[in-house]
Amino acid sequence: MRCVVTGGAGFLGSHLCERVMDRGDDVVCVDNLITGSMENLGHLLGRPGFSFLSQDVSTPVDVPGPVDSVFHLASLASPRAYLRYPIETLTAGSLGTRNCLELAKAKRARFLLASTSEVYGNPQVHPQTENYWGHVNPIGFRSVYDEAKRFSESITMAYHRTFGLDVRIARIFNTYGPRLRPGDGRVVSSLLAQALEGQPLTVYGDGTQTRSFCYVDDEVRALLALERSSVTGPVNIGNPAEITLLDLADQVLAVTGSSSPIVFKPLPQDDPVRRRPDITLARTLLQWEPTVDLAGGLYRTRDWLARELGHSSRSSRTPAARGPAGSWRTAEGATWTSH
Ligand SMILES: NC(=O)c1ccc[n+]([C@@H]2O[C@H](COP(=O)([O-])OP(=O)(O)OC[C@H]3O[C@@H](n4cnc5c(N)ncnc54)[C@H](O)[C@@H]3O)[C@@H](O)[C@H]2O)c1
């Protein structure tokens with residue numbers, strides 16, 4: 001099989017490229033690197049069967065040769081990124097999704113859309129089931145992302161109904177893990193980076209709003225199961241363990257051994273108050289279940305982030321996060337030496 005992964009140089013996409021290669025398929029990664037990075041693909045470049053196409057999916061996507069599946073992940077994804085690039089976000093979600101659907105249609109390939117829990121907006125139904133239509137402010141700051149993804153779902157279903165395109169829609173809930181950049185504003189990597197660097201941890205609002213965090217390996221396993229299934233979706237993919245942001249900050253302090261204080265800042269506009277997926281569909285139709293708990297995932301992410309910060313900055317680290325003689329504890333209890 002030969003698969004196209006758009007957005008493959010990003011956090012989730014790079015893990016997906018890796019797993020698709022591991023199952024024996026060739027991968028063409030298409031990315032314009034607006035938030036992604038070639039560093040995320042370093043271990044794949046040069047591996048037989050992997051190729052990279054530098055392209056904005058908002059222009060027609062031409063991939064020579066056969067294609068069996070298109071995984072469409074290209075999109076600005078973090079609030080910081082989509083607030084900085086609102087037009088690009090809307091264009092990637094609309095024109096970009098259409099171009100990728102056209103590619104799948106031309107190649108008679110399967111198409112998987114990486115949609116999001118943000119289609120539910122600030123939900124009035126809890127936990128969120130796939131048949132809930134959502135509660136989105138169509139003109140708010142976040143709407144450039146939420147509405148772009150809602151449009152993406154709509155046009156994906158239109159291609160399915162009009163052309164018989166074989167499609168899958170995954171509604172992805174908050175996912176975290178290695179390669180989630182600390183600077184892009186997503187809460188797990190932001191808090192971990194602040195704790196590792198001995199800075200105050202920023203919590204927006206009073207910290208009682210909830211989220212549900214899925215470790216990247218679990219998320220990617222579900223995306224692959226969905227792609228291989230005969231389920232059109234949409235299907236919620238996320239970890240249903242719900243936690244307040246204040247509790248998350250406490251867990252981050254625990255896994256880093258940091259004594260940083262928590263500081264509170266005003267809640268951004270339209271920030272969802274509660275977020276938890278109902279994953280009954282994924283459980284029953286895909287036989288999928290997340291297996292990595294938050295503490296385990298935080299340890300693994302912390303180890304990666306500590307190495308990243310060590311390479312990119314000389315800033316001081318939290319002494320309590322260290323093991324003896326400048327080494328750092330890993331999730332497995334092993335140590336590696338910082339420099
Ligand atoms: N990580 C999460 O928690 C989460 C949650 C819900 C949905 N998603 C979805 O999963 C996908 C991947 O998200 P991520 O967390 O890996 O974000 P990311 O920013 O790390 O990756 C997105 C990738 O898309 C690329 N990209 C953006 N616009 C593009 C364009 N016009 N043309 C080509 N490439 C483009 C970026 O350069 C980047 O490599 C996105 O579609 C996002 O909406 C992610």
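Data overview
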quantity	calculated
Burial order of peptide ranges 236-245, 295-304 (average beta-carbon count within 10 Å, highest first)	236-245, 295-304
Taking region 1-140 and dividing mean pair separation by its residue count, relative contact order in percent (alpha carbons under 8 Å, at least six apart)	22 percent
Relative contact order for the chain, counting Cα pairs under 8 Å that sit 6 or more residues apart, in percent	16 percent
Fraction of beta bridges assigned by DSSP in the chain that are antiparallel (%, nearest 5)	15 percent
Summed residue charge, Cβ within 14 Å of residue 56's Cβ, Lys/Arg positive, Asp/Glu negative	-2
Rg in Å to one decimal, and Dmax rounded to a whole Å, for the chain via C-alpha atoms	19.6, 64
Percent accessible area from carbon and sulfur atoms, the chain, protein chains only, probe 1.4 Å	54 percent
Computed [θ] at 222 nm, helices only, for the chain once each DSSP H run of length n ≥ 4 contributes -39500 (n - 2.57)	-10500 deg cm²/dmol
Protection-proxy order for peptides 257-268, 122-133, each taking the mean of Cβ atoms within 10 Å per residue, highest first	122-133, 257-268
Packing-based order for 48-56, 187-195, using average beta carbon neighbours within 10 Å, highest first	187-195, 48-56
Cβ-derived FRET efficiency at R0 22 Å, residue 285 paired with residue 135, nearest 0.05	0.30
Distance between region 228-245 and region 17-93 - C-alpha centres, whole angstrom	22 Å
Size of region 53-154 as Cα extents on the principal axes (Å, biggest first)	46, 30, 17
Surface accessible to a 1.4 Å probe, per residue, for the residues of the chain, Å²	42 Å²
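The values are calculated or read from the model by the stated rules, or taken from the named source; none is laboratory data. What you see is a predicted model, and the numbers here were worked out from it, not measured in a lab. Cβ coordinates were reconstructed from backbone atoms using ideal geometry, including for glycine residues, and neighbour counts include every protein chain displayed. Remember, those area values only see protein heavy atoms, side chains included, never the ligands or the DNA or RNA. Shrake-Rupley method; radii C 1.70, N 1.55, O 1.52, S 1.80 Å.
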